[in-house]
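Undergrad: My questions all concern the structure below.
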Amino acid sequence: MTSSSNLIDGRAIAAQVLEELRPRLERLRTRGVQPGLAFVRVGEDPASRVYVGRKEKTAAELGIRSHTHVLPEATPESELLALLDRLNRDDSWHGILVQAPLPRHIRAERIYAAIRPDKDVDGFHPVNMGRLLLGDPGGFVPCTPAGIQELLVRAGISWEGAHVVILGRGNIVGKPLAALLCQKAPRANATVTLCHSATRNLAEHCRRADILVAAMGVPEFVRADMVRPGAVVVDVGVNRVADPARPGGTRLVGDVAFAEVQPLAGRITPNPGGVGPMTIAMLMHNTVRAAETLTA
Ligand code: GUN
């Protein structure tokens, strides 16, 4: 298939998710509640600037109040912890998000553990990660895994009984996605294989996938010979690579060699326009839920 008919439109599906939040936001408004989402960005990582900017813009479009605290790269861990303590105590902030990656001198696990679990709209706090592993729906699910689940469900693709091969075991995508999809629950119930840098015969695992999720952060790693014809391919990667032909000397590519994989995939997420918008939509979803719960 060479037409665009096998594309999964993440922008359109994310827009649907956001539209469905509007009545909930309206109900909060009639109770005098405007959800508040506090962002924290440490340093000037160009990609993080772009991501937080997009999250702020979507929040503003929905009428969610937001503010971004931008801290210098050299900020001591103790200062970041002190800011989180203030945000935890301030009732006007229902969600708190510290953008990853953090500078090396800051211990990310200490930071994520310092956010109140009921304001942890990123779902990175150990309590929320634990709830996810236990299948407790009361926790917050990290936004990219939640977005991938939602995206395929709404595209009419079932996870039920499917063999899902995930490439990458990171704490933001691979590991929580594996935990989410293996749950004995509707919209899950998949057989999950989690592959990583030490996996032997990786291409063989990939070829056995009904649904292949590439989230390891290696430019165009997934080639045509790793994909069973008809398989669903989800590309989570965002990698900047050198391209002297481009004005800035670089371009963005996913973890999937899109041009050669798209023709043989059953369905495939474009990149950009696939997973990225879903991550933001699920963040807004988690924030609305946090505001509802905290003000109930
Ligand atoms: N960096 C890449 N993805 C994410 C995310 O979902 N949340 C945060 N906080 N940082 C990220």
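The values are calculated or read from the model by the stated rules, or taken from the named source; none is laboratory data. Quantities reported herein were computed from a predicted structural model and do not represent experimental measurements. Neighbour counts run over all protein chains shown; Cβ positions are idealised from the backbone, glycine included. These accessible areas exclude ligands, DNA and RNA; they are computed on the full protein's heavy atoms, side chains included. Shrake-Rupley method; radii C 1.70, N 1.55, O 1.52, S 1.80 Å.
Undergrad: For Ala198 and Ala245, compute 0.36 nm times the residue count separating them, minus their Cα-Cα distance, and round to one decimal in nm. Show your work: numbers first, answer last.
TA: Details: separation 47, 0.36 × 47 = 16.92 nm, distance 3.48 nm.
Extra length from Ala198 to Ala245 when fully extended: 13.4 nm.
Undergrad: Now, a different point. Whose amide H sits under 5 Å from the amide H of Asp243, counting only residues 5 or more places off or on another chain, with H placed in the peptide plane?
TA: Residues meeting the amide H criterion: Thr250, Arg251.
Undergrad: If you don't mind, another one. In the full protein assembly as shown, how much of Glu26 is accessible to a 1.4 Å probe, in Å² to the nearest 10?
TA: 80 Å²
Undergrad: What distance in nm separates the simple spin-label points at Lys184 and Glu19, each placed 7 Å from Cα in the Cβ direction?
TA: In this crude spin-label approximation the distance works out to 3.7 nm.
Undergrad: If you put +1 on each Lys and Arg Cβ and -1 on each Asp and Glu Cβ, how big is the dipole of the chain around its Cα centre, in Debye rounded to 20?
TA: 200 debye
Undergrad: Here's a follow-up. Mean 1/r over all different Cα pairs, inverted: what Kirkwood radius does region 21-120 give, in Å?
TA: On the way: mean 1/r = 0.0701 Å⁻¹.
It works out to 14.3 Å.
Undergrad: Could you give the accessible area per residue of the chain, probe 1.4 Å, as a whole number in Å²? Show your work: numbers first, answer last.
TA: Values: 13830 Å² over 296 residues.
Ligands and nucleic acids excluded, the figure is 47 Å² per residue.
Undergrad: Quick one: work out the % antiparallel among DSSP beta bridges in the chain, nearest 5.
TA: 10 percent
Undergrad: Follow-up question, since we're still on this one. What spacing in nm lies between the two simple spin-label points modelled at Ala155 and Arg89, each 7 Å away from Cα in the Cβ direction?
TA: 4.6 nm
Undergrad: Within the accessible area of region 78-118, what % is carbon and sulfur when the probe is 1.4 Å and the other protein chains stay in place? Walk me through the numbers before you get to the answer.
TA: Details: 1020 of 2140 Å².
The computed percentage sits at 48.
Undergrad: Still on this structure: If ligands, DNA and RNA are left out, what is the accessible area of Arg154 with a 1.4 Å probe, given in Å² to the nearest 10?
TA: The accessible area comes out at roughly 80 Å².
Undergrad: So how exposed is Met129, as accessible area in Å² (1.4 Å probe, rounded to 10)?
TA: Using a 1.4 Å probe on the heavy atoms, I get roughly 50 Å².
Undergrad: So if I restrict to the alpha-carbon atoms in the chain, what is the Rg, and what is Dmax, the biggest pairwise distance, in Å?
TA: 19.1, 57
Undergrad: Summing -39500 (n - 2.57) over the DSSP H runs of n ≥ 4 in the chain and dividing by its residue number, what mean residue ellipticity at 222 nm do you reach, to the nearest 500 deg cm²/dmol? Working shown, then result.
TA: Details: 10 runs with 116 residues, N = 296.
When only DSSP H runs of four or more count, the value is -12000 deg cm²/dmol.
Undergrad: Cα centroids of region 51-118 and region 204-277: how far apart, whole angstrom?
TA: Between the Cα centres of region 51-118 and region 204-277 lies a distance of 30 Å.
Undergrad: Thr193's amide H: which non-local residues (gap 5+, or another chain) put their own amide H closer than 5 Å, with H modeled 1.01 Å from N in plane and none for Pro or chain starts?
TA: Residues meeting the amide H criterion: Val164, Val165, Ile166.
Undergrad: Quick one: length gained pulling Ala108 to His67 fully straight, 0.36 nm per residue minus the C-alpha distance?
TA: 12.7 nm
Undergrad: Out of the total accessible area of region 153-282 (probe 1.4 Å, heavy atoms of protein only), what percent is carbon and sulfur? Kindly include the intermediate steps, with their values, before the conclusion.
TA: Working: 3190 of 5890 Å².
It is 54 percent, rounded to a whole number.
Undergrad: Residue by residue through region 267-282, what is 3J(HN,Hα) from phi via Karplus (6.51 cos²θ - 1.76 cosθ + 1.60, θ = phi - 60°)? Round to whole Hz and write x for glycine and proline.
TA: Those phi angles translate into 9, 8, 8, x, 8, x, x, x, 6, x, x, 5, 4, 5, 4, 6 Hz.
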